[in-house]
Amino acid sequence: MTTWLSIALLALAAYCAYVVRLVVKNDTAEHGQKALQVGLILLFPLAGAALVHWVLVGQARDRDAPSNRYTDYPDYTEHEIPPKIYNDD
């Protein structure tokens, strides 16, 4: 029983250390936000680390996702005729 408890506590400490490392290396957060996130991890090790990890992964996913706001349309001059998109048949 003691061995399993030691392994669980060691795994929890490793996970918390991993998430703290992610917080410290985060370039988008300010110093105060990083301090609050690390404090949350230290006060509530499992729930705090899971919550902070979930938020950081979500931010990374949003930052790396392609944006569909802008589409590349070619610039046509007055003398060029744009290609026909629809058939008028």
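The values are calculated or read from the model by the stated rules, or taken from the named source; none is laboratory data. Note that this is a predicted model, so its numbers are computed, not measured. Note: ideal-geometry Cβ built from the backbone for every residue, glycine included; neighbour counts use all protein chains shown.
A few comments on the model shown:
- Pair list, Cβ < 7 Å and 6+ apart or interchain, from region 6-19 residues that are under 23 Å from Val57 (Cβ atoms) to residues that are surrounded by 10 or more Cβ atoms within 10 Å (Cβ to Cβ) and among the aliphatic types (A, V, I, L, M): Leu12/Leu46; Tyr15/Ala49; Cys16/Ile41; Cys16/Ala49; Val19/Ile41; Val19/Ala49; Val19/Val52
- Residues in region 1-18 that are loosely packed, with under 10 Cβ neighbours inside 10 Å and among the hydroxyl-bearing types (Ser, Thr, Tyr) were compared, and the one that is modelled with the lowest pLDDT is Thr2.
- Residue in region 60-81 that is at pLDDT 80 or above and not hydrophobic (A, V, I, L, M, F, W, C) present: yes
- Each residue in region 19-69 was checked for being assigned to a loop (DSSP other than H, G, I, E, B) and surrounded by 12 or more Cβ atoms within 10 Å (Cβ to Cβ), and 3 of them qualify.
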